[in-house]
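Participant: Let me begin by handing over the structure; questions about it come next.
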């Protein structure tokens, strides 16, 4: 499907990485038309709220989003799941495309226990998937493969200059999920976590959820080549070191523009030693911080055609 714009050089990708003092994360991704001051495509990856603050909700309001196009719920751990009901109530409808991990449906067939708020969110999401609507999906990948979520072509009306906007899912790995299903037990919901790559023109952005080493090991190295942006997995913990191992292995002296991490204060994440390893391969490494404000977020804006980027930090967010 083609999407026509007036000035393709004025199309940007805005990425907001949100984190809270103790724990909790969300990301908002907007393909934005700066000529007409409007959002072309909108995405939310996970949600969290704390102390009556829901920055995901606030940013969508600020950017005048009324109908969210895509909601990706990477997995149902609490720190990725609180406050989703407000997003659904305010921004979602039968046109919103929902993506959940394989093995997660929010019904009696699941092999995962959920708290009450998560169950209520499932009820609301599944209510959209009735009648003639087919907008709730589970995502899974074969070993060494991926699943396509989206592919659109952005075209400048006058010149036909264009770029491709594509989203692929690279986790969870079906074989791992099915083993968990057969055992009837999931010790870590992170084993089910969705990870995606947004390919926007020549840019490649990794949104890694909470994938850990068992999953990362089974994702081919080439998916991590030419990255422009990394949201580091699992709050930059030692359970996800295989990502930086792979980056070191394929490094071709081309610096990755930026990496970002959220915070899990109880577990002292992000891990300082891992940050230092990442800093060898990225231009800037930022985190959402754990200061007195109660939250932090990082706004990263990419000029898609010019391949330039800028970064702003808000609240407790810091550059390491």
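Readers should treat all values here as calculations from the given coordinates under stated rules, not as data from a laboratory. A quick note: this is a predicted structure, and the numbers were derived from the prediction, not measured. Every residue, glycine as well, gets a Cβ built from its backbone with ideal geometry; the counts of neighbours run over all protein chains shown.
Participant: To make sure I understand, if each residue's beta carbon is the centre and we count other beta carbons within 10 Å, what order do 197, 216, 112 fall in, fewest to most?
Facilitator: By the 10 Å Cβ count, ascending: 112, 197, 216.
Participant: Quick one: of the DSSP bridges fully inside the chain, what percent are antiparallel, nearest 5?
Facilitator: 70 percent
Participant: If you don't mind, another one. As a check on your grasp of the helix formula, calculate [θ] at 222 nm for the chain: sum -39500 (n - 2.57) over DSSP H runs of n ≥ 4, divide by the residue count, round to the nearest 500.
Facilitator: Theoretical 222 nm ellipticity from helices: -5000 deg cm²/dmol.
Participant: Further question on the same structure: Please list, short to long, the whole-number percent of alpha-carbon pairs of segment 114-187 in consecutive 10 angstrom bins beginning at zero.
Facilitator: Values per bin, smallest distances first: 15, 24, 36, 16, 7, 2.
Participant: On average, how much area does the Cα convex hull of segment 188-311 cover when viewed from any direction, in nm²?
Facilitator: With the hull built on Cα positions only, its mean projection is 7.8 nm².
Participant: Note down the nm distance, to one decimal, between modelled labels 7 Å out along Cα→Cβ at residue 160 and at residue 89.
Facilitator: Roughly 5.0 nm, to one decimal.
Participant: Ok, one more. Could you calculate the contour length gain from residue 151 to residue 37, that is, 0.36 nm times the residue separation minus the distance between their Cα atoms, to one decimal place in nm?
Facilitator: My answer for the length gained is 38.8 nm.
Participant: Determine Rg/Rh for segment 54-211; Rg is computed over alpha-carbon atoms and Rh is the Kirkwood hydrodynamic estimate from the same atoms.
Facilitator: Rg divided by Rh gives 0.99.
Participant: Just subtract the alpha-carbon distance of residue 183 and residue 7 from 0.36 nm times their residue separation and send over the number in nm, one decimal.
Facilitator: The residue 183-residue 7 span can extend by a further 58.0 nm.
Participant: Measure out, as a whole number of angstrom, how far apart the alpha-carbon centroids of segment 62-77 and segment 194-259 sit.
Facilitator: One Cα centre to the other: 22 Å.
Participant: Stokes-Einstein D for segment 203-262 at 4 °C, 1.567 mPa s, Kirkwood Rh over Cα pairs, in µm²/s?
Facilitator: 112 µm²/s
Participant: Over segment 6-132, what relative contact order in percent results from Cα pairs under 8 Å that are six or more residues apart?
Facilitator: This gives 19 percent for segment 6-132.
Participant: Sticking with this one: For residue 251 and residue 144, calculate 0.36 nm times their separation in residues minus their Cα-Cα distance, and state this gained length in nm to one decimal.
Facilitator: Additional length available on full extension: 36.5 nm.
Participant: Please compute the Cα-Cα pair-distance distribution of segment 154-226 with 10 Å bins starting at 0, giving whole percents from short to long.
Facilitator: Over segment 154-226, the share of Cα pairs per 10 Å bin runs 17, 40, 22, 13, 6, 1 percent.
Participant: Where does each of 110, 183, 33 land when they are ranked from fewest to most other beta-carbon atoms within 10 angstrom?
Facilitator: Ordered by Cβ neighbours within 10 Å, fewest first: 183, 110, 33.
Participant: Return the ratio Rg/(2.2 N^0.38 Å) for segment 244-320, where Rg is computed over Cα atoms only.
Facilitator: It is 1.19.
Participant: Taking 1 over the mean of 1/r across every pair of different Cα atoms in the chain, what Kirkwood radius in Å do you get?
Facilitator: With all distinct Cα pairs of the chain included, I get 19.7 Å.
Participant: Taking one equal scatterer on every alpha-carbon of segment 1-128, how large is log10 of I(q)/I(0) by Debye at q = 0.12, 0.16 1/Å?
Facilitator: The Debye formula, applied to the Cα set alone, gives -0.47, -0.79.
Participant: For 39, 47, which order do you get if you count the other beta carbons within 10 Å of each Cβ and list the fewest first?
Facilitator: Arranged by neighbour count, lowest to highest, 39, 47 become 39, 47.
Participant: Relative contact order of segment 46-120: what whole-number percent is it, with Cα pairs under 8 angstrom and at least 6 residues apart?
Facilitator: 34 percent
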